Amino acid sequence: MALARRRQQRHIDYWPGFVDALSTLLLAIMFLLTVFVLGQFFLSREISGKDAVLNRLNSQINELTQLLALEKSGKQDMEDQLAALQASLSQSEGEKSRLQKLLDAGSGAASGAQARVGQLAGELDAEKQVSARAMSQVELLNQQIAALRAQIAAVEGALQAAEAKDQASQAQISDLGRRLNVALAQKVQELNRYRSDFFGRLREILSDRQNIRIVGDRFVFQSEVLFPSGGSDLNEAGKVEMQKLAQAIIELAKEIPPEINWVLRVDGHTDNVKLSGNGKYADNWELSTARATSVVKYLISQGVPADRLVAAGFGEYTPIASGDTPDARAQNRRIELKLTEK
């Protein structure tokens, strides 16, 4: 019998370890996706704030552009008016020359021509005054246009500074995400190593029990081993198994660094036979939860830290065997243990 047992120990089933690695990889990917979503959320909030600033600056630029267009239009009108005045002035000077010729040609019309010349000279002076006012207005418009251009340059500088700050923020977010990924990978590797040690020790402790199975990354105890039918109090055989389990957990807890936030989850499951509701438990939810809680409390009484244990009840809604046969129901009545991260 000892020879057969050594042969059984030499046969190593690699499939649970492979499933354990795949499950761990899936948990790591889910955590990375969660970090990525959070990073995207905070990045979206920061970019939204910058977009609001950019929109406000763009609005100011549009207003200044419109003012500049209005000022340019006014300047063009004044230039047109100045050109018209200059043309009128040229015409007046031509008329003055013509009258002067008439004055020279006829002395009889000298007095009338002289009066006309005086009138035209007065009109010429008035036109010069209007022209001077127009020139002053054009100069004022040029100064206003220069001020508007300076404001536009300042706004463009503010936009460039905002864009540079946004690029720096994105670089910092990218670096933070990279460092988080590295730290997460290290924590996952450490947890995987200790989870493998935990499973290896439990295999050694519980290898002689045929009613204890390994399903994926969990140890599965049939309820009949731990509890009486319909009850949630551990029987003597169940207490013996839980004492072995508690010793393995205590030894492993001493080796796991405190920065790894691990926890042993105890899941209670029942078959699909409905309870009458007249007994101690109203339904399978209460029964499965009570059994998981009973295991957790007993482990605590054996020295396992309470903050490293979690009890959960799943009722009949997570079966591992399909069908309504007695064998399938017996497989579904179980307690599962899983070492995971909080």
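Listing for the model above:
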| item | result |
| --- | --- |
| Given (1) under 15 Å from GLU336 (Cα atoms); (2) open to solvent by less than 30 Å² (accessible area, probe 1.4 Å), index of the condition GLU224 fails | (2) |
| Residue match in the stretch 85-96 (condition: in a helix (DSSP H, G or I), surrounded by 15 or more Cβ atoms within 10 Å (Cβ to Cβ) and at pLDDT below 75) | no |
| First in the stretch 46-59 and assigned to a helix (DSSP H, G or I) and modelled with pLDDT under 80, second anywhere and open to solvent by 50 Å² or more (accessible area, probe 1.4 Å) and of a type in the set (Ser, Thr, Tyr), Cβ under 9 Å, 6 or more apart | none |
| Residue tally, condition assigned to a loop (DSSP other than H, G, I, E, B), farther than 15 Å from VAL304 by Cβ and open to solvent by less than 70 Å² (accessible area, probe 1.4 Å), over the stretch 229-243 | 4 |
| Within the stretch 17-41, tally of residues that are aromatic (Phe, Trp, Tyr) and surrounded by 13 or more Cβ atoms within 10 Å (Cβ to Cβ) | 2 |
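The values are calculated or read from the model by the stated rules, or taken from the named source; none is laboratory data. Remember, predicted model here, so these are calculated numbers, not experimental data. As a convention, Cβ positions derive from the backbone with ideal geometry for all residues, glycine included, and neighbour counts pool all protein chains shown. Calculation scope for accessible area: heavy atoms of the full protein, side chains included, ligands and nucleic acids excluded. Shrake-Rupley method; radii C 1.70, N 1.55, O 1.52, S 1.80 Å.
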